[in-house]
Every structure is written in structure tokens, then in C-alpha cells.
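Novice: Here it is: the structure, laid out below.
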Amino acid sequence: MIYTEITEKVKTGDAEAVVELCSKALAQGYPALAILEKGLIVGMDQIADKYSHRRVIVPEVLLSSRAMHAGLSVVEPQLKYKVKRQTGTIVIGTVAGDLHDIGKNLVKLTVMSTGARIVDLGIDVTPQRFLQCVEKNKAEILMMAALLTTTMPVMKKVINALEDSGIRKGLIVAVGGAPVDETFARAIGADCYFKCAKDAKSFLEHNLNKIV
Ligand code: B1M
């Protein structure tokens, strides 16, 4: 199966092969979203899991990340093409002090297919920048990512800043990232916790029209 082949090449960090396989899959009519979710994301998830069990080292993770991004560059235009109308604005970013963006980028790409406009602030985003961006873009949803236990508290700081400036009301605040969970989300006053990109997409598919 072509999805498995893509997964394996992401895991070995073979960017050229990933690009070739993604192009081949698209040409054969496989949906871009399925290539992303069943091939590229699975490969990255598996390599991250191996890293957690000390079965691969950081350079190998980075090679896989590079391979996954090479594949993304092939499928991404097709994902955008499928978006028929723009509904609602989402601001997304990784919180201050945190440079991890692989998962956040996957979430961004996956939710793009819902038709929402996404403003991506990237990594290391301060509460002030989140605030300014939400206000400027009149966003309906804010999505924050944290991959480090040391940067999770920044999410609370952002929510406090939103409350202090009077723009928290009516804004959906969602949080995610490996160390984050439902209990933490509730404790800091977030509205939603998304375990993975699919969860975020499913929430938006069911609620975007009610929110905007
Ligand atoms: Co870092 N790192 N890292 N790292 N890194 C982790 C997170 C760690 C768990 C590894 C470990 O020790 N086992 C550990 C954190 C420990 C902790 O806090 N308790 C760690 C550490 C310690 C560090 C450094 C401090 C290492 C050092 O320098 N000593 C350093 C910190 C740098 C910094 O941020 N200031 C560091 C650096 C790096 C690299 C730069 C080398 C690289 C990042 C490259 C990049 O992102 N561009 C890196 C990587 C790759 C990892 C691991 C191996 C993989 C993360 C990843 O991309 N996973 C990670 C170990 C692991 O997670 N197993 C680790 C794949 C990705 C698809 O999954 O991001 O979980 P994930 O995203 C998922 C969900 O979480 C969710 O959906 C995604 C897809 O379904 N999700 C969201 C993510 N964001 C969301 C946002 C949402 C909703 C859902 O919005 C609402």
C-alpha cells in the first residue's frame, strides 16, 4: 500500500523518495488529505514514539521531519485547492520559549481543509503577539501548541492576557501538544483540548458554522 511506503520513507528520512511517492500517489488519485494523515503523519508519529523510547536520536528525527515536510510541499497545494469557501479565522502558534512546530504545522494543514482562514504565528509566540493577532484579525478561534512541560504555563498567561484586555469573551481557545491534556486545558480555562490534528479537524467540521 502506498501509504505504508510513504510512512516507511518518512521514518528513514528519505526526502527524495517521499516526494516521489507522494507525487505518484496524487497522480494515481489518492486524496491529498489521506496521503497526509495515513502516510506522512503516521511516519512522523512513529519516529517521535521511537525517539521517546530512545530507539533513535535527534538527527534521525530531524531527517524524518525534513522528509515529512518535503512530502507536505507536494500534497499541500492539493489540500488548499479543495477548500471551497473561507469561514472564520483561526490564529495558531507555538507558545513563547518553545521551538517545536512539526505537530502544530500538521494541525494547521489538517484544519485548512475545513475552509477556515488560518493565521500562523509560527514558534516562540509571546502572549502579546497572540493578543495583537487575535484582535487584528478578529479571530473566532485561537489554537496554541506547547511541547515542553516548561512552556505549558505560557498558555495560561495568554488566556489571562486575553481576559485582561477584554477579548476573551466569544473567543474559542484550544490547546494541544504532547504534554497537554484535558485536565490541564480545563485548569487553565481553555475551551477545548485537541489530542491530535484529526480531533481539531473534527471539532471544526462540527462547530465552525455555529461559531462564525
Ligand atoms: Co524536543 N523535546 N526538545 N526537539 N522533541 C520533546 C518534546 C521531548 C518530549 C523529547 C524527550 O525528552 N523525550 C522533550 C520535552 C520534555 C518535557 O518537556 N517534559 C524535548 C526536549 C527536552 C527538547 C529540548 C529542551 C532538548 C534540548 O535542547 N536539550 C529542546 C527545546 C527547544 C525549545 O523548544 N526551546 C528540543 C529541541 C527539539 C528539536 C529542535 C531538535 C526538534 C524540534 C524540531 C521542530 O519542531 N521543528 C525536537 C523534536 C523533534 C522532539 C520530538 C522528538 C518530536 C516532536 C514531534 O515533532 N513529534 C519530541 C519527542 C516526542 O514527542 N516523542 C521532543 C511529532 C508530532 C507530529 O507530534 O508535536 O505531539 P506532536 O503533535 C501532535 C499532537 O501533540 C497534536 O497534534 C499533532 C499531530 O497529531 N498537537 C496539537 C500538536 N500541536 C497542537 C496544537 C493544537 C492541537 C493539537 O492546537 C490546539
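Novice: Stretch Thr87-Ala34 to full length: gain in nm at 0.36 nm per residue minus the Cα-Cα span?
Specialist: Numbers: separation 53, 0.36 × 53 = 19.08 nm, distance 2.26 nm.
Separation in residues times 0.36 nm, less the Cα-Cα distance, equals 16.8 nm.
Novice: Let me ask another. D for the chain, whole µm²/s, Stokes-Einstein with Kirkwood Rh over alpha-carbon pairs at 20 °C and 1.002 mPa s: what number? Could you put the intermediate results ahead of the total?
Specialist: Working: Rh = 17.6 Å.
Value of D from the Cα-based Kirkwood radius: 122 µm²/s.
Novice: Using the Karplus curve 6.51 cos²θ - 1.76 cosθ + 1.60 with θ = phi - 60°, work out ³J(HN,Hα) for each residue of region 119-128 in order, rounded to whole Hz, and write x for Gly and Pro.
Specialist: 10, 9, 8, x, 10, 6, 8, 6, x, 4
Novice: Could you tell me which of rounded, prolate or oblate describes region 108-212, using a ≥ b ≥ c as the square roots of the eigenvalues of the alpha-carbon gyration tensor, with rounded for a/c under 1.5 and, failing that, prolate when a/b is larger than b/c and oblate otherwise?
Specialist: Numbers: a/c = 1.44, a/b = 1.11, b/c = 1.30.
Rounded, since a/c falls under 1.5.
Novice: Note down the relative contact order for the chain as a percent, whole number, built from C-alpha pairs under 8 angstrom at least six residues apart.
Specialist: Reported relative contact order: 18 percent.
Novice: Only Lys, Arg, Asp and Glu count, each charged at its Cβ (+1, +1, -1, -1), so figure out the dipole size of region 31-76 about its Cα centre, rounded to 20 debye. Intermediate results must be reported in sequence, preceding the final value.
Specialist: Details: 5 positive and 5 negative charges, 40 e Å.
The calculated dipole for region 31-76 is roughly 200 debye.
Novice: When the scattering of region 42-83 is computed by the Debye formula from its Cα atoms alone, each counted once and equally, what is log10 I(q)/I(0) at q = 0.22, 0.24, 0.33, 0.35 Å⁻¹?
Specialist: After summing over all Cα pairs, the log10 values are -0.69, -0.75, -1.05, -1.11.
Novice: Using only DSSP helix segments of four residues or longer, with each worth -39500 (n - 2.57), what per-residue ellipticity at 222 nm results for the chain after dividing by its residue count and rounding to 500? Before the final figure, lay out the partial values.
Specialist: Details: 9 runs with 116 residues, N = 212.
Computed ellipticity for the chain at 222 nm equals -17500 deg cm²/dmol.
Novice: Roll a 1.4 Å probe over the protein chains and send me the accessible area per residue for the chain in Å². Don't skip to the answer; put the middle values down first.
Specialist: Numbers: 10780 Å² over 212 residues.
I get 51 Å² per residue for the chain.
Novice: Below 8 Å between Cα atoms, with a sequence gap of 6+, how large is the relative contact order for region 1-79 in percent? It would help to have the intermediate numbers written out before the result.
Specialist: Values: 107 pairs, mean separation 36.6, N = 79.
Relative contact order, region 1-79: 46 percent.
Novice: Now a separate question. Just how large is the dipole of the chain about the Cα centre, in debye to the nearest 20, putting +1 at every Lys and Arg Cβ and -1 at every Asp and Glu Cβ?
Specialist: On the way: 27 positive and 23 negative charges, 102 e Å.
Charge dipole, the chain, about its Cα centre: 480 debye, nearest 20.
Novice: Using every alpha carbon pair in region 173-212, what percent of pairs falls into each 5 Å bin from 0 up to the bin containing the largest distance?
Specialist: 5, 25, 30, 22, 14, 4
Novice: If you bin the C-alpha pair distances of region 69-141 every 5 Å from 0, what whole percents do you get?
Specialist: 3, 16, 24, 23, 19, 11, 4, 0
Novice: Let me ask something additional. Report the FRET efficiency, 1/(1 + (r/R0)^6), for Ser52 and Glu5, where r is their Cβ-Cβ distance and R0 is 25 Å, rounded to 0.05.
Specialist: Numbers: r = 24 Å, r/R0 = 0.97.
E between Ser52 and Glu5, to the nearest 0.05, is 0.55.
Novice: Step by step: find N for region 1-107, compute 2.2 N^0.38 Å, then divide the Cα radius of gyration by it. What's the final number?
Specialist: Details: Rg = 14.4 Å, N = 107, 2.2 N^0.38 = 13.0 Å.
Here the answer is 1.11, to two decimals.
Novice: Among residues other than Gly177 whose Cβ falls under 11 Å from its Cβ, what is the net charge (Lys/Arg +1, Asp/Glu -1)? Numbers along the way, then the final one.
Specialist: Working: positive: Lys104, Lys195; negative: Asp98, Asp101, Asp181.
So the environment of Gly177 carries a net charge of -1.
Novice: So how compact is region 110-171: Cα radius of gyration and Dmax in angstrom?
Specialist: That works out to 12.0, 33 Å for Rg and Dmax.
The values are calculated or read from the model by the stated rules, or taken from the named source; none is laboratory data. Not measured: the values here are computed from a predicted model. Glycine gets a Cβ as well: all are built from the backbone with ideal geometry, and neighbour counts include every protein chain shown. Accessible surface is based on the protein model in full, side chains and every heavy atom, while ligands, DNA and RNA are left aside. Shrake-Rupley method; radii C 1.70, N 1.55, O 1.52, S 1.80 Å.
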